[in-house]
Amino acid sequence: KHIAELIAAGEVVERPSSVIKELVENSIDAGAKNITVEIKNGGTTFMRVADDGCGIYRDDIKKAFLRHATSKVKTANDLDMISTLGFRGEALASISAVSRLQVITKNENEEIGSCYEIEGGDEISLEDAGCPTGTTFVIRDLFYNIPARSKFLKKDVAEGNAVSALMDKIVLSHPEVAFTFIRDGKQVLRTFGDGKLLSAIYSVFGKDFAKGLIPVDYTLDSVTVKGYISKPINSRPNRNMQNFFINGRFVKTRTGMAALEEAYKGSIMVGKFPSAVLQLTVPYGIIDVNVHPAKIEVRFINERPVFDAIYHAVKTALQQGDE
Ligand code: ADP
Ligand code: MG
């Protein structure tokens, strides 16, 4: 039983950034307005995610750590139109199987909070805790019980950089949430949750980047494309700054990149690439989110409407940017 658990856990938890991704998505699902993420040594020895979301009732805590125990999918039909970020109900089970985990949480309707500790999947304690409404996870010593796995971790700097890159994407996909990111004791990212994408872009990429952007706001049939693109003169030697979000989730999409670049054809030099931060709203029926456990690569059941919407959105914005 234990081995099977560890293998399953390894599918969800690859490295510190995968832990942070799952925990922050849970915080967002819980309606948090403020989320603090802290890591030490790239996250390998210490990760903390604190939120002011709804919290977890004492009676539900142990349940939350059972595999496939999710409070988010109620019927089979829900699976077709997932609106919350998490839906597989295996993050907490997996993370707690391969680390030393502590959660301190209180639901708004409870007087007193709870502190639950679990190490390598084994329960240590469940006690009262005085804490505000919300949830704080502390994860220590990731993969301490699977040395074979910890050998695959990169240097702390590289793992920390992966967490930083992830935080950038999360922050950009949720301008309505105030984020603080602390790395080895230093605050490295801070947003204010004013709901404006441009504010989030400013926090992540700096004011020089944020100044030279053209706004995009376009709807074609059922696909909406909103966000910002770079002026043609600010093109780059690579595609690193092409950011796409679909229904609130950061994704890799070849269709999106192709449509973006097609729209810039003729206005930038061959071998140069546009930058973009584009939020797509797409009907749940035309995306297949259930492709990869990490849910990064998105597949479209029908690519055409997505390609066309992005292409025309960018074309239109570029023309207006010219006037
Ligand atoms: P999933 O997110 O797919 O439901 P998880 O294993 O990530 O599965 O979480 C299990 C359950 O724990 C969630 O369904 C939710 O009820 C609860 N939970 C986890 N994190 C939080 C949080 N930060 N605030 C409130 N509830 C949480
Ligand atoms: Mg989850």
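The values are calculated or read from the model by the stated rules, or taken from the named source; none is laboratory data. What you see is a predicted model; the values in this text were computed from it and never measured. Positions of Cβ are generated from backbone atoms using ideal geometry, with glycine treated the same way; all protein chains shown enter the neighbour counts.
Do any residues in the range 236-250 that are within 17 Å of Lys21 (Cβ to Cβ) have Cβ atoms under 7 Å from those of residues that are among the hydroxyl-bearing types (Ser, Thr, Tyr) and part of a strand (DSSP E or B), where the two are at least six apart or on different chains, and which pairs are they?
Asn247/Thr281
Please determine whether any residue of the range 144-161 is at positive phi and in the same structural domain as Arg100 (by TED's automatic domain parsing).
No, the range 144-161 contains no residue that is at positive phi and in the same structural domain as Arg100 (by TED's automatic domain parsing).
Out of the residues in the range 22-37 that are assigned to a helix (DSSP H, G or I) and in contact with a helix residue (DSSP H, G or I) (Cβ under 9 Å, 6 or more places away or on another chain), state the one that is farthest from Ser94 (Cα to Cα).
My answer is Ile28.
Out of the residues in the range 251-260 meeting the condition of being touching a strand residue (DSSP E or B) at 6+ places or on another chain (Cβ under 7 Å) and not basic (Lys, Arg), tell me which one is nearest to Thr224 (Cα to Cα).
Out of the qualifying residues, it is Gly256.
Against the condition closer than 30 Å to Asp51 by Cα and either touching a Gly at 6+ places or on another chain (Cβ under 7 Å) or surrounded by fewer than 18 Cβ atoms within 10 Å (Cβ to Cβ) (or both), how does Lys226 come out, does it pass? Before the answer, list the steps.
Details: closer than 30 Å to Asp51 by Cα: yes; either touching a Gly at 6+ places or on another chain (Cβ under 7 Å) or surrounded by fewer than 18 Cβ atoms within 10 Å (Cβ to Cβ) (or both): yes.
Answer is yes for this residue.
Could you please find all residues in the range 300-313 being assigned to a loop (DSSP other than H, G, I, E, B) and modelled with pLDDT of 85 or more?
Going through the range 300-313, the residues assigned to a loop (DSSP other than H, G, I, E, B) turn out to be 301-303.
Matches in the range 300-313: Glu303 only.
Select from the range 119-163 the residues that are outside any loop (DSSP other than H, G, I, E, B), within 28 Å of Lys186 (Cα to Cα) and among the hydrophobic types (A, V, I, L, M, F, W, C) and list them in ascending order.
Residues satisfying the conditions are Ala129, Phe137, Val138, Ile139, Val157, Ala158, Ala162, Val163.
This table checks each residue for (1) within 15 Å of Thr44 (Cβ to Cβ); (2) in contact (Cβ under 8 Å) with a residue 12 or more places away in the chain; (3) within 13 Å of ligand 1 (Cβ to nearest atom).
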{"position": "Leu92", "(1), (2), (3)": "no, yes, yes"}
{"position": "Asn107", "(1), (2), (3)": "no, yes, yes"}
{"position": "Glu110", "(1), (2), (3)": "no, yes, yes"}
{"position": "Ser125", "(1), (2), (3)": "no, no, no"}
{"position": "Cys131", "(1), (2), (3)": "no, yes, yes"}
{"position": "Thr136", "(1), (2), (3)": "no, yes, yes"}
{"position": "Ile139", "(1), (2), (3)": "yes, yes, yes"}
{"position": "Leu142", "(1), (2), (3)": "yes, yes, no"}
{"position": "Pro147", "(1), (2), (3)": "yes, no, no"}
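Regarding Gly185, is this residue without any contact (Cβ under 8 Å) to a residue 24 or more places away in the chain and surrounded by fewer than 18 Cβ atoms within 10 Å (Cβ to Cβ)?
Working: without any contact (Cβ under 8 Å) to a residue 24 or more places away in the chain: no; surrounded by fewer than 18 Cβ atoms within 10 Å (Cβ to Cβ): yes.
Criteria not met by Gly185.
Quick check, is Val171 closer than 30 Å to Tyr202 by Cα and either surrounded by 23 or more Cβ atoms within 10 Å (Cβ to Cβ) or modelled with pLDDT under 95 (or both)?
Considered against the rule, which asks whether it is closer than 30 Å to Tyr202 by Cα and either surrounded by 23 or more Cβ atoms within 10 Å (Cβ to Cβ) or modelled with pLDDT under 95 (or both), Val171 comes out as yes.
Which of (1) outside the structural domain of Met269 (by TED's automatic domain parsing); (2) at pLDDT 95 or above is the odd one out, the single condition Thr219 does not satisfy?
Here Thr219 meets the rest and fails (1).
This table checks each residue for (1) buried (at least 22 other Cβ atoms within 10 Å of the Cβ); (2) assigned to a helix (DSSP H, G or I).
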residue	(1), (2)
Ala4	no, yes
Ala8	no, yes
Glu11	no, yes
Ile20	yes, yes
Ile39	yes, no
Gly42	yes, yes
Met47	yes, no
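Which of the residues that make up the range 112-123 are within 16 Å of ligand 1 (Cβ to nearest atom) and hydrophobic (A, V, I, L, M, F, W, C)?
Cys115, Ile118
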